[in-house]
Amino acid sequence: MPDVQQLQFIDVGTGASARRIAALVGQGQGNGTGAAPGVIWLPGFKSDMASTKASALAAWAAGHGLACTRFDYSGHGVSGGAFEDGTIGRWLEETAAVFTTLTRGPQIVIGSSMGGYLALLLLRRLMTTAPAEAVRIKGLVLIAPAWDMTEELMWKNFPESAKAALLDTGMWHRPSAYGEPYPITRLLIEEGRSHLFARQTWDPGRPVHVIHGLLDPDVPWEHTLDLESFLDGGWTRVTAVPDGEHRLSRPEDIDLLFGIVAEMSGVGALAPAALGRSAGG
């Protein structure tokens, strides 16, 4: 079945904070009819809905008759807004708006890197503020989730010169292995402190499956082990990819992702040999 996703836009925020968010929405069985859940993709920091994994997921979902939703955060891809205005709270607001506005019925939330962090934050927020919406989240699949990234992976690891630049000028251009240096703002760091898990025990109440490459230079493997230690309830499984790096975009990595989503959605079973290192329930 071809990918027939349609481009849609939703408006988020008001006044000076208003921005237009672009999304691709594909139709399928996950539309509230009681069939298999749909899937929603949350991209990483400086990534977008046209990435290798996002596009492959959309095609795979279409081939299995599953609804698929993917979108760009403000300042990313074809959505409006400036990247420099972005914060965890701003991107979380957009994620929640896309989830509640553009998806129907049960969903599996799939997030890569920062998207994995936002998937966890989305579930935590909805469990508190909109329980009926939270119930629709049947599970999370997280790829190298960068939880608490602004503090644990950024601020704590920045050189003193970067911290001084952020405090003095409000911005520092961080070198990137994936292209041009990108701006990190003081606003991103300071606003991020209002969204930290800070290793406090939390029960997600539904399956969480984490995939992480052991050669990841951006989000250390130990970061996932720390996440596993404070997610309560026995819901968490972790699959290690011994030769995998951060993006996990190789064909074999994407096949592993599909197998996990298939098992969680009920459209197929994952062979035990593909599970790698597993932990939790």
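The values are calculated or read from the model by the stated rules, or taken from the named source; none is laboratory data. Computed from a predicted structure; not experimentally measured. We place every Cβ from the backbone using ideal geometry, glycine too, and count neighbours over all the protein chains shown.
The residues of the stretch 63-102 that are in contact with a Gly (Cβ under 6 Å, 6 or more places away or on another chain) and not in a helix (DSSP H, G or I), listed by number, are 65, 66, 67, 68, 74, 75, 81, 82, 86. Of the residues making up the stretch 189-234, those that are in a strand (DSSP E or B) and crowded, with 19+ Cβ neighbours inside 10 Å are 208, 209, 210, 211, 212, 213, 231. The set of residues from the stretch 235-252 being free of Cβ contacts under 8 Å to residues at least 40 places away in the same chain and in a loop (DSSP other than H, G, I, E, B) comprises 242, 243, 244, 245, 250. With respect to being assigned to a strand (DSSP E or B) and either in the same structural domain as residue 218 (by TED's automatic domain parsing) or over 20 Å from residue 199 (Cβ atoms) (or both), residue 163 falls outside the description.
Apart from one condition, residue 119 fits all of (1) of a type in the set (Gly, Ala, Ser); (2) touching a Phe, Trp or Tyr at 6+ places or on another chain (Cβ under 6 Å); (3) assigned to a helix (DSSP H, G or I); the exception is (2). Looking at 139, 105, 80, 63, just one residue is assigned by TED's automatic domain parsing to the domain that holds residue 262 and under 30 Å from residue 15 (Cβ atoms), and that residue is 80.
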